[in-house]
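Working notes, beginning with the structure itself.
The values are calculated or read from the model by the stated rules, or taken from the named source; none is laboratory data. Nothing here was measured: the structure is a model prediction, and the numbers come from that model. Heads up, the Cβs are rebuilt from the backbone with ideal geometry, glycines too, and the neighbour counts pull from every protein chain shown.
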Ligand SMILES: Cc1ncc(COP(=O)(O)O)c(C=O)c1O
């Protein structure tokens, strides 16, 4: 079979080297004669795996010692409610910054659960010459006492990324599902970071939580034990049986990323991939991206064709060329190419060649 490049937004492609290793040791992990899926999560081999995974993630993201690293159930959305239940208590107040579909979804979940507490929200996207632009609010000027401010630095659906760290007087809670480990960030700026695994980490269902120690002192609401951060810390993310295979694959992805030079090194490649694709879009009147340069997502490149009636042909011909899962999210339409860490430069080069050829064939100026 010739190479397939998978641009799916998630579950997304995983590094080929990791998938091969997982395949090789699927039936016999660590010389135990059984699969990693079949061993106790409390056995010494699996515990060693979890320790290594945490150490590798700490090294990759330079996570300070006053932060806990949790491996939890429930993906990204699971954390939408966990954040509210763990930090808001009965009378707390929180601020949600809205920049697209996922931050809106987090806000909606918070509003559903809030009870007597209070959720405020601020839309931070404006149109600048017809393009979406993020305008960060001056949080220091807001007269309120928030437990936390929630935002989503990379909007997977809308293709909007916020590269600047927020300047906030309150703890920042960030949904990094689609940008975690794609570029360097300063973890110490955050009260809590969470990410669904299915983009830059591993299989769906797992979520990674990085939480600062003092956040755990905030009053919480009664909640399901498996989503309780304090219990997760106390039990080393094993209050109940964790998603062991997903944890194993995440550990392999961390090891792979370290082996190729870590986040600083993949960040350079990610920048190159995104630049190549945006340059193709900008050079071709047949394609259009609706986001200002400063907020164009590096991980999720959205674009529209000048003639929407060619969307079907574009997707069909792309698939025939081995370029799959380019259809935009159903809410926004158009196309989306997700360029997570596992996507090689060659995949983007192949996409650019295809896009140039498709435009030349179908678009008459
Ligand atoms: C930024 C972001 N947040 C949250 C989610 C929801 O993740 P899950 O489907 O694992 O609940 C997604 C899923 O794509 C996402 O991209």
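Out of curiosity, is residue 39 within 15 Å of the ligand (Cβ to nearest atom) and either at pLDDT 95 or above or within 23 Å of the chain's Cα centre (by Cα) (or both)? So residue 39 fails the test.
Among the criteria (1) away from the ligand (no atom under 13 Å from the Cβ); (2) within 22 Å of residue 333 (Cβ to Cβ), the one residue 90 does not fulfil is (2). The combined condition, being more than 20 Å from residue 331 (Cα to Cα) and assigned to a helix (DSSP H, G or I), is fulfilled by residue 79. Looking at 250, 255, just one residue is in contact (Cβ under 8 Å) with a residue 24 or more places away in the chain, in contact with a helix residue (DSSP H, G or I) (Cβ under 9 Å, 6 or more places away or on another chain) and buried (at least 20 other Cβ atoms within 10 Å of the Cβ), and that residue is 250.
Please find, among 144, 110, 105, the residue that is in contact (Cβ under 8 Å) with a residue 12 or more places away in the chain and away from the ligand (no atom under 15 Å from the Cβ).
That would be 144, the only listed residue that is in contact (Cβ under 8 Å) with a residue 12 or more places away in the chain and away from the ligand (no atom under 15 Å from the Cβ).
Determine whether segment 206-226 contains at least one residue that is at positive phi, within 16 Å of the ligand (Cβ to nearest atom), modelled with pLDDT of 95 or more and crowded, with 24+ Cβ neighbours inside 10 Å. No; the residues of segment 206-226 include none that is at positive phi, within 16 Å of the ligand (Cβ to nearest atom), modelled with pLDDT of 95 or more and crowded, with 24+ Cβ neighbours inside 10 Å.
On inspection, residue 68 qualifies as surrounded by 20 or more Cβ atoms within 10 Å (Cβ to Cβ) and either assigned to a helix (DSSP H, G or I) or in contact (Cβ under 8 Å) with a residue 24 or more places away in the chain (or both). Scanning segment 273-293 for residues that are under 21 Å from the mean Cα position of the chain (by Cα) and either surrounded by fewer than 13 Cβ atoms within 10 Å (Cβ to Cβ) or not assigned by TED's automatic domain parsing to the domain that holds residue 338 (or both) returns a single hit, 293.
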